[in-house]
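Read through the structure below, which is laid out as structure tokens, and then see the notes.
Throughout, read-outs are computed from the coordinates displayed, never taken from laboratory work. A quick note: this is a predicted structure, and the numbers were derived from the prediction, not measured. Cβ placement follows ideal geometry from the backbone for every residue including glycine, while neighbour counts extend to all protein chains displayed.
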Amino acid sequence: MKRSSKRRKVNLLKVLIATLIILVIILVVYKIIIKKEVKEEKILMLNIVGEDITKAKKDLDKYSLDINITYEYSDDISKDIVISQSIASGTEIHDHDKLDIVVSLGKIDKEKLASDGINELGKVPIMMYHGIKNISNSETDYIGGNVDKDGYTRTAESFKEDLEFYYQKGYRMVKLSDYINGNIDVPYGKSPIILTFDDGNANNILVKGLDEEGNIIIDENSAVGILESFKKKYPDYNVTAIFFITNNLFNQPEYNDKIINWLVDNGYEVGNHTKGHNNFSNISTEETEEVVGYMYDKLESIIGNKYSKIVALPFGSPYNKTHANYSHIISGTYNGKTYQTEAALRVGWEPEVSPFDKNFDKTFLKRCRAYDNNGKDFDIEMVFNNLEKNRYISDGNIETITTSITNQSLINDSTDKQIVLY
Ligand SMILES: [Zn+2]
């Protein structure tokens, strides 16, 4: 009896083990089959060449490809038709595959380009602001919106007027770093403008406190508050600006770090105005490297590499690039680290040349003083009147440089963009 019960137990164990093995085998086989089925559900690239880009985009909507569209002129392929696709049709595709599509702009309509005055070799205004004071124009003792004689500080009222004026004149903002790199992305027929603010005055971005989530609350009558209202009013204005600051940052110790982070996270730029607003004409080369390198280090400690490697020269000094300190502003060493300045801004009086002009020198860019003087001495009115003769007017295509054939000799021939002459 005892023996047979033992044998039965052994048998039961054998059956159990066998069942387990069978279960495992079924599971493995099932998994292989399922996997095979998934593998069989391959997604293949469509052919979009020859299709209208609007339809092609709709057809591609169901896949999550990273699509990059560029446009080029073509004599044989009509406007908006896809010329080429970087992934051949029938190729297996996966989420986030990169697909480059080239779309035709059709034949160049030289008459239209000429009559619209498209000119990407025209001039670009880089406006220089300092402070924005929340008062009206009637409350100042000076002309127009100037709060001081030279208009270094302008009234909030006049700053709003300036922004309205630039927009109505067909100017659209671009980042200074995009301008220096020739990435001027403004619509057809529109012109680029760049806004700069020096010195980190608290009224550039005045913080009233923090909200429940700890985000800064920006005074709506400070420069950034006003810029943000224009962002809402004119979404196609492409609102941006660059702020050049010193060791005092935005003069709001409680909020400085939050402000600088907010700016770069919201489409603005922050650049270098030296550690102590130093006059490069009066200091040694060692001090030059210290006051430039210190600020880069400081910005890096707050926002990592999100700052702009651009210096606005305090007092616009030195006045020429032959000065012994100049090369040390452009490159140097501080705290055991080397720095390379991409561009430098002086104080000027008239707009700069196009970044595609062979005379373009990003290390010594002129700025226009944003101030009022009854249309004289290069005030805002005079600068924009003069610009009517030679302003940069975009062809709306970042890949091409369009200008009249009379400007051909001005073009920097190291460009990799397609040149369109009319
Ligand atoms: Zn300054």
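Could you go through segment 397-408 in sequence order and give the Karplus-derived ³J(HN,Hα) for each residue, using 6.51 cos²θ - 1.76 cosθ + 1.60 with θ = phi - 60°, rounded to whole Hz, and x for Gly and Pro?
Per residue, the Karplus-derived 3J(HN,Hα) values read 10, 5, 8, 10, 10, 10, 7, 6, 4, 5, 9, 3 Hz.
Does anyone have the angle between helix 285-303 and the longest principal axis of the chain? Alpha-carbon axes, 0 to 90°, nearest 10?
Result, in degrees: 40.
How long are the semi-axes of the equivalent ellipsoid of segment 53-107, defined as square roots of 5 times the Cα gyration tensor eigenvalues? Whole Å, largest first. Walk me through the numbers before you get to the answer.
Details: eigenvalues 97, 23, 17 Å².
In descending order, the three semi-axes are 22, 11, 9 Å.
Can you work out ³J(HN,Hα) from phi for every residue in segment 177-194, in order, using Karplus 6.51 cos²θ - 1.76 cosθ + 1.60 and θ = phi - 60°, giving whole Hz and x for Gly and Pro?
These are the phi-based 3J(HN,Hα) values: 5, 6, 4, 5, 9, x, 9, 9, 9, 10, x, 3, x, 9, 10, x, 9, 10 Hz.
How do Phe378, Phe356 line up, fewest other C-beta atoms within 10 Å first? Walk me through the numbers before you get to the answer.
Details: Phe378 17, Phe356 22.
The most exposed by this proxy come first: Phe378, Phe356.
Sum up the charges of everything whose Cβ sits under 15 Å from the Cβ of Lys376, counting Lys and Arg as +1 and Asp and Glu as -1, but leave Lys376 out. It would help to have the intermediate numbers written out before the result.
Numbers: positive: Lys149, Arg369; negative: Asp150, Glu350, Asp372, Asp377, Asp379, Glu381.
Net charge around Lys376: -4.
To the nearest 20 Debye, how big is the dipole of segment 113-421 about its Cα centre, given +1 on the beta carbon of each Lys and Arg and -1 on that of each Asp and Glu?
Charge dipole of segment 113-421: 520 debye, to the nearest 20.
Amide H neighbours of Arg391 under 5 Å, at least 5 residues apart or on other chains, H built in the peptide plane: list them.
It is Lys123, by chain and number.
Of the candidates Asn215, Asn68, Asn279, which one comes out as most mobile in a Gaussian network treatment of the chain with C-alpha springs shorter than 10 Å?
Among Asn215, Asn68, Asn279, the largest GNM mean-square fluctuation belongs to Asn68.
Considering only segment 53-107, what is the antiparallel percent among its DSSP beta bridges, to the nearest 5? Show your work: numbers first, answer last.
Numbers: 3 of 10 bridges.
Just about 30 percent of them are antiparallel.
From a point 7 Å beyond the Cα of Asp116 in the direction of its Cβ, which residues of segment 215-255 have a backbone N at a distance under 18 Å?
Output list for this probe position: 236-237.
If you fit an axis through the alpha-carbon atoms of helix 156-168 and take the longest principal axis of the Cα set of the chain, what angle between them do you get, 0 to 90°, nearest 10?
The two axes meet at around 70 degrees.
Under a 5 Å amide H to amide H cut-off, with H placed in plane at 1.01 Å, what residues pair with Tyr334 once short-range neighbours are removed?
Result for Tyr334 returns Tyr339.
Under 21 Å between alpha carbons, and skipping anything fewer than 8 positions from Lys133 in its own chain: which lysines qualify?
Lys149, Lys160, Lys208, Lys231
How many percent of DSSP beta bridges within the chain run antiparallel, rounded to 5?
Details: 16 of 52 bridges.
Percentage antiparallel, nearest 5: 30.
Using amide H atoms built in the peptide plane, which far-off residues or other-chain residues are under 5 Å from Ile87 H to H?
Asp100
Provide Rg and Dmax in Å for the chain, with only Cα atoms included in the calculation.
For the chain, the Cα radius of gyration and maximum Cα-Cα distance read 30.4, 121 Å.
Phe356: net charge of surrounding residues, Cβ under 9 Å, Lys/Arg +1, Asp/Glu -1, itself excluded? Show your work: numbers first, answer last.
Details: positive: Lys358, Lys417; negative: Glu120, Asp357.
Once positives and negatives cancel, what remains is 0.
How high is the relative contact order of the chain? Use alpha-carbon pairs under 8 Å, at least six apart in sequence, and give a whole percent. Please report the intermediate quantities before stating the final value.
On the way: 815 pairs, mean separation 68.8, N = 422.
Value for the chain: 16 percent.
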